[in-house]
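Here the structure is laid out as structure tokens; the discussion comes afterwards.
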Amino acid sequence: MADLVFNKAKQYIGDGTIDLDDDDIKIMLLADTYTPDATDSVKADIVAHELAGANGYNTGGYSLQNITWADVAGVTTLDADDPVWTSASFTCRYAVVYSDTPSSPADPLLCLLDLGENKTGQGGNFYINFHANGIMRAT
């Protein structure tokens, strides 16, 4: 589950800036040079730490597939298929989920996943395994 939900994410979801049903929701990977900050609100705030040019990683990240929302006993959960990067030869520390659709503000951030330490792809598949409780939850 998300280790950090960016402060503006709730506003962006509430006011329709982010439409989790129709937007292209992506996950991008960041190096350990990033210091998580809940006040960051758009991709431009963090893009300097993205793994741009890394072998097996496309700038801008991976579009999440099969996004679902579920409401069980008053707890709403966002989930998707676990992303995978093939032929991955890179090292990352964080993964950030954002919407690639809005133009104003461009690329608003949703949440950050802290991988706990640097993780390195060895030329094979690199997975982010989402928590069993989903990517993000709201009660």
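Things to note:
- All conditions but one from (1) within 19 Å of Val47 (Cα to Cα); (2) surrounded by fewer than 17 Cβ atoms within 10 Å (Cβ to Cβ) apply to Pro108; the one that does not is (2).
- As a summary of the residue check, Ala2 satisfies the conditions (1) modelled with pLDDT under 95; (2) more than 21 Å from Asp81 (Cβ to Cβ); (3) of a type outside the set (Ser, Thr, Tyr) except for the one numbered (2).
- Selected residue (criterion: modelled with the lowest pLDDT) from residues of the range 37-51 that are assigned to a loop (DSSP other than H, G, I, E, B) and touching a Phe, Trp or Tyr at 6+ places or on another chain (Cβ under 7 Å): Leu51
- Out of Thr17, Thr76, sole residue that is part of a strand (DSSP E or B), among the hydroxyl-bearing types (Ser, Thr, Tyr) and either surrounded by 17 or more Cβ atoms within 10 Å (Cβ to Cβ) or modelled with pLDDT under 95 (or both): Thr76
- When Ser87 is tested against the conditions (1) farther than 20 Å from Gly121 by Cβ; (2) modelled with pLDDT under 95, the lone failure is (1).
- Pairs are defined by a Cβ separation below 6 Å, a sequence spacing of at least 6 or placement on different chains, a first member in the range 36-64 that is over 15 Å from Ser89 (Cβ atoms), and a second member that is assigned to a loop (DSSP other than H, G, I, E, B) and at pLDDT below 95; the pairs so defined are Thr59/Ala52.
- Scanning the range 92-105 for residues that are open to solvent by 50 Å² or more (accessible area, probe 1.4 Å) and either acidic (Asp, Glu) or under 16 Å from the mean Cα position of the chain (by Cα) (or both) turns up Arg93, Asp100, Thr101.
The values are calculated or read from the model by the stated rules, or taken from the named source; none is laboratory data. Model, not experiment: these values are computed from the prediction. Counting neighbours? That spans all protein chains shown, and the Cβs are built from the backbone with ideal geometry, glycine included. Just the protein is used for accessible areas: all its heavy atoms, side chains included, with ligands, DNA and RNA removed. Shrake-Rupley method; radii C 1.70, N 1.55, O 1.52, S 1.80 Å.
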